[in-house]
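Accompanying notes for the structure given below.
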Amino acid sequence: MTKAEDREYFAQCKPLLRMSYFLRLAGIGDSNFSYFMKGNDFLLSLEKLELLYNCIGNELNSKVV
């Protein structure tokens, strides 16, 4: 996924999930995530964003099963 696609996905997740919980799991600071969501692509790497994406997916999958 590109950073723009990640931003769109996380924007859809934000109203439904407590993002701070997942940010802690992924080791991402709240302020860095906030800046990323406002369009700053330099604070978070694709690897960190992928880790956050996977944390959300894994947690939701474990709750559904």
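Results, tabulated for the structure shown:
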item	result
Meets criteria (open to solvent by 80 Å² or more (accessible area, probe 1.4 Å), more than 15 Å from LYS3 (Cα to Cα) and of a type in the set (A, V, I, L, M, F, W, C)) for LEU17	no
Counted residues, region 22-57 - those being without any contact (Cβ under 8 Å) to a residue 12 or more places away in the chain, open to solvent by 50 Å² or more (accessible area, probe 1.4 Å) and over 16 Å from MET1 (Cβ atoms)	8
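The values are calculated or read from the model by the stated rules, or taken from the named source; none is laboratory data. The structure presented is a predicted model; accordingly, all values stated were derived computationally and were not measured. Counting neighbours? That spans all protein chains shown, and the Cβs are built from the backbone with ideal geometry, glycine included. Note: accessible area is taken over every heavy atom of the protein model, side chains too, but ligands, DNA and RNA are not part of it. Shrake-Rupley method; radii C 1.70, N 1.55, O 1.52, S 1.80 Å.
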